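Participant: Take a look at this one; I'll ask things after.
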Amino acid sequence: MRCRLLITLALLLVLPIATRPLRARQNGIRFRDVAARASIGFTVDNNETPHKYQIEPMIAGVALFDYNNDGLLDIYFCNGAQIPQLEKTEEKYFNRLYRNQGGLRFEDVTDKAGVAGAGYSMGVAAADYNNDGWVDLYVTGVNRNVLYRNRGDGTFEDVTEKAGVTAELKDYGKAWSVGAGWFDYDNDGDLDLLVVNYCVWSSEKDPYCGARKPGYRTYCHPKHYGPLPNILYRNEGDGRFTDVSAESGIGEHLGKGMGVAFADFDGDGLLDAFICNDAHRNFLFRNDGDGRFEEVGLQAGVAYIDEGTVVSGMGADFQDYDGDGRPDIFMTALSNETFPLFRNLGNGMFRDERYPSGLGTQSLAWSGWSTGMVDFDNDGWLDLFVAGGHVQTNEELYSSRDSRQPNRLFRNRGDGSFEDISEQCGADFQQTGLHRGAAFGDLDNDGRVDAVVTRLNEKVEILHNVTASSGHWLILDLEGVGANRDGLGAVVKLTLESGQSLFRQATTTVGYASSSDKRIHFGVGKESKVRSLEITWPGGSSQIMNQVPTDRVLHIKQDAVHSHGGTGEWADFFSN
């Protein structure tokens with residue numbers, strides 16, 4: 001069946017507030033850990049020592065991306081190294097790349113691809129930075145970051161030095177980088193790189209914290225370490241980057257960065273950046289459009305929680321949870337701090353919604369690292385996933401509830417509130433551990449978003465979404481032409497036949513030290529057809545598609561649409 005598409009290059013007007021879609025009751029979101037079936041037995045090894053070096057509990061990130069363009073998401077895991085040498089002296093410390101063979105089976109292709117990594121790796125950011133059609137990787141770590149260029153033949157090349165992204169700071173030397181994210185801050189069609197740095201650290205100067213008796217040493221509070229500035233690299237379009245941290249204003253602000261997320265929070269067509277800091281006020285960098293960023297976290301109401309205090313910010317996501325067309329901020333923290341939720345009011349301000357949403361009381365007992373705002377049951381509302389686990393690992397001092405924790409899932413009720421349904425998500429979801437990184441994407445293209453989660457010194461979890469009562473869905477695989485090829489930063493407004501609208505933004509920068517599928521996923525409930533899709537590409541051009549069938553993956557260019565998956569045929573081609 002062929003349907004006519006209407007494509008326009010008109011600038012998109014300010015997004016209207018969406019009418020809340022009706023939420024159909026679901027029988028429950030459920031996951032099954034398929035790591036063994038998938039032939040993934042990888043274990044994160046942080047080389048934990050009695051010395052309790054500060055870097056030990058901070059790894060490891062994970063990325064979901066399609067490195068070989070076969071339409072299936074592959075998985076890349078970060079890993080540790082020998083301490084204090086910070087070298088991958090044994091294979092057990094190698095980072096790992098697993099190729100998706102289909103049918104939820106994977107093959108370890110690390111050696112062939114040449115991505116075992118170097119040093120004590122922390123996080124990973126995936127995107128096609130050179131617009132050649134192949135997704136690349138930037139791996140962060142302790143005093144050593146690596147940019148892997150995807151050659152397109154199944155192998156990667158280390159181009160860190162050549163590209164100029166070694167993460168060296170003028171007054172500090174090489175930085176301890178936790179995470180990074182790709183975004184086109186100047187809308188020139190090339191992805192730029194924001195590197196998030198944690199604190200000043202060296203193995204020789206790590207202070208002693210805890211009681212002065214065997215087995216009672218603990219990891220130190222961040223207050224014992226000096227802050228670092230973050231780094232902004234501008235993509236020059238020729239494979240090289242320029243450090244513009246100083247002239248952009250990004251480098252003026254020192255923090256203890258953990259999570260980073262991007263969105264156009266004020267609707268001016270420019271991507272802004274939110275950085276959650278550990279025991280330090282959060283940063284919200286507003287893009288002024290002239291190459292500079294203004295840090296507006298305090299005046300916007302996201303620097304602190306309502307009590308005027310900081311939390312141990314870990315991971316963050318920046319999406320629209322309440323369906324009003326404005327991106328909101330969710331972040332994780334440690335137990336007894338609660339997980340902050342900042343609702344975008346549309347006037348440059350955010351409001352702390354922890355307690356009105358129910359998250360305050362429901363998250364108080366838990367610690368979280370990576371996170372994602374994801375519609376797991378395809379009802380149109382973004383749920384909140386949290387990778388659970390405390391920073392402290394001493395079982396002699398901390399009960400299993402305090403340290404080894406299960407992941408959490410807060411289901412979006414559709415009325416601005418959330419319900420903790422973690423105990424209803426299946427036995428595999430109850431696994432405890434020191435969970436850290438988490439990435440999200442549909443591993444088998446069945447329309448239900450899955451989660452891959454790391455945990456320290458235990459096998460990773462491949463949480464396959466087996467929700468039986470899941471609604472209809474649509475996945476958009478964007479390809480920019482004038483915009484960056486991945487379409488990162490594009491905003492999509494989906495309007496249902498009922499007239500209700502949903503909003504999503506293309507990004508890979510989600511959670512803590514991790515990178516999720518670049519494709520945009522929509523759950524649409526009982527709707528079998530979408531009235532219209534309106535895509536606003538970075539730079540302002542827009543594209544409208546009418547009468548779009550659901551339950552499939554659509555590959556969308558600025559002048560063409562391809563459908564694969566689902567039943568029947570649906571494709572149309574246009575040129576500007």
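Participant: Could you tell me how many of the residues in the stretch 492-520 are open to solvent by 30 Å² or more (accessible area, probe 1.4 Å) and closer than 28 Å to F274 by Cα? Let's see the steps before the verdict.
Facilitator: To start, the set of residues in the stretch 492-520 that are open to solvent by 30 Å² or more (accessible area, probe 1.4 Å) comprises 493, 497-500, 518-519.
Cutting the leftovers down to closer than 28 Å to F274 by Cα gives us 493, 518-519.
Within the stretch 492-520, residues that are open to solvent by 30 Å² or more (accessible area, probe 1.4 Å) and closer than 28 Å to F274 by Cα number 3.
Participant: Just name the residue that is farthest from C276 (Cα to Cα) out of those in the stretch 165-216 that are part of a loop (DSSP other than H, G, I, E, B) and of a type in the set (G, A, S).
Facilitator: This residue is G215.
Participant: If you don't mind, another one. Filter the stretch 416-468 down to residues that are closer than 22 Å to I329 by Cα and β-branched (V, I, T) and give me whichever is surrounded by the fewest Cβ atoms within 10 Å (Cβ to Cβ).
Facilitator: Within the stretch 416-468, the first condition is being closer than 22 Å to I329 by Cα, and the residues that meet it are 416-422, 435-441, 449-453.
If we keep only those that are β-branched (V, I, T) as well, we get 421, 449, 452-453.
Details: I421: 19, V449: 28, V452: 28, V453: 28.
My answer is I421.
Participant: Let me ask something else about it. Only one residue in L456, L476, L443 is in contact (Cβ under 8 Å) with a residue 60 or more places away in the chain, over 25 Å from V548 (Cβ atoms) and hydrophobic (A, V, I, L, M, F, W, C). Which one? It would help to see each step written out before you state the result.
Facilitator: On the way: L476 fails: over 25 Å from V548 (Cβ atoms); L443 fails: over 25 Å from V548 (Cβ atoms).
So the residue among L456, L476, L443 that is in contact (Cβ under 8 Å) with a residue 60 or more places away in the chain, over 25 Å from V548 (Cβ atoms) and hydrophobic (A, V, I, L, M, F, W, C) is L456.
Participant: Would it be correct to say that N46 is in contact (Cβ under 8 Å) with a residue 60 or more places away in the chain and part of a loop (DSSP other than H, G, I, E, B)? Steps first, please.
Facilitator: Numbers: in contact (Cβ under 8 Å) with a residue 60 or more places away in the chain: yes; part of a loop (DSSP other than H, G, I, E, B): yes.
Judged against the criteria, N46 is a match.
Participant: Does the stretch 186-214 hold any residues that are open to solvent by less than 10 Å² (accessible area, probe 1.4 Å) and of a type in the set (S, T, Y), and which are they? Write out each step before concluding.
Facilitator: The initial filter retains those residues of the stretch 186-214 that are open to solvent by less than 10 Å² (accessible area, probe 1.4 Å), namely 189, 191-199.
Residue satisfying the conditions is Y198 alone.
Participant: Okay, next question. Among the residues of the stretch 521-544, write down those that are surrounded by fewer than 21 Cβ atoms within 10 Å (Cβ to Cβ) and hydrophobic (A, V, I, L, M, F, W, C).
Facilitator: I544, the sole residue that qualifies.
Participant: Is one or more of the residues making up the stretch 489-505 among the hydrophobic types (A, V, I, L, M, F, W, C), out of contact with any Phe, Trp or Tyr (no Cβ under 6 Å at 6 or more places or on another chain) and not in a strand (DSSP E or B)?
Facilitator: no
Participant: Among Y172, Y148, which is the only one that is of a type in the set (F, W, Y), open to solvent by 10 Å² or more (accessible area, probe 1.4 Å) and within 22 Å of the chain's Cα centre (by Cα)? Give the derivation first.
Facilitator: Working: Y172 fails: within 22 Å of the chain's Cα centre (by Cα).
Within the list Y172, Y148, the selection yields Y148.
The values are calculated or read from the model by the stated rules, or taken from the named source; none is laboratory data. What you see is a predicted model, and the numbers here were worked out from it, not measured in a lab. Virtual Cβ from ideal backbone geometry, glycine too; neighbours counted across all protein chains shown. Note: accessible area is taken over every heavy atom of the protein model, side chains too, but ligands, DNA and RNA are not part of it. Shrake-Rupley method; radii C 1.70, N 1.55, O 1.52, S 1.80 Å.
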